[in-house]
Amino acid sequence: MELSELSIKELEEYLKRGWLLKQGRGFSTQELKLVQLFKDALSVGLDNRLFDAYVKSARTLAKNEYEIGAIMLEKKECENSEHYKVLFDSILILKPYLFNMHTIKEHQQQMEKKK
């Protein structure tokens, strides 16, 4: 997928919906992969509400992560880097694990119901 294959209108829509986020240096190969995913999803009829739900959940969770982390880091005893490490490991390691494993578990349970 080349960025030139993406219309300005499509790009603006993806940005507006929060499906893509433009970084300081522009877009990376990750965003190009996501654009291809969006196009593939459209071609097979995957409902866009799924992506919108991801954005809504991500925004809510990001606010919670910030608020909880800020409270912890405001305490005087939180002056060493271990506090930051635990906070960011929770966000960057534990969160994807929990989301992915619960998704797998839900799919397995639903498939078992169909048998």
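Using just the helices of the chain, give the 222 nm mean residue ellipticity in deg cm²/dmol: DSSP H runs with n ≥ 4 each add -39,500 (n - 2.57), and the total is spread over all residues, rounded to 500. It lands at -23500 deg cm²/dmol. Springs between alpha-carbon pairs under 10 angstrom, Gaussian network model over the chain: which of LYS39, LYS75, LYS105 fluctuates most? Highest fluctuation of the listed residues: LYS105.
Projected label points at ALA62 and ALA41, each 7 Å from Cα along the beta carbon direction, are separated by 1.6 nanometres. Considering the chain at the alpha-carbon level, its Rg and Dmax are found to be 18.4, 56 Å.
Near GLU112, within a Cβ-to-Cβ distance under 15 Å, what is the net charge of the other residues, with Lys and Arg +1 and Asp and Glu -1?
Surrounding charge for GLU112 is +3.
Number of Lys-Lys pairs in the range 46-115 with C-alpha atoms under 18 Å apart and a separation of 8 or more places or on different chains: 9.
The value of relative contact order for the chain, using C-alpha pairs under 8 Å at least six residues apart, is 19 percent. With 13 Å as the cut-off, how large is the P(r) tail for the range 59-114, expressed as percent of Cα-Cα pairs? That fraction is 69 percent. Extension gain for LEU98 to ARG17 (0.36 nm times residue separation, less C-alpha to C-alpha distance): 26.7 nm.
Quote the charge dipole size of the range 67-114 about the Cα centre in Debye, to the nearest 20; the model charges only the Cβ of Lys and Arg (+1) and of Asp and Glu (-1).
Roughly 320 debye for the range 67-114.
Just checking the listed ones, GLY45, GLY24, GLY69: in the Gaussian network model of the chain with Cα springs under 10 Å, the one fluctuating most is GLY24.
Values in this text are rule-based calculations from the coordinates and carry no lab data. Given the structure is predicted, the values throughout are model-derived calculations rather than measurements. Heads up, the Cβs are rebuilt from the backbone with ideal geometry, glycines too, and the neighbour counts pull from every protein chain shown.
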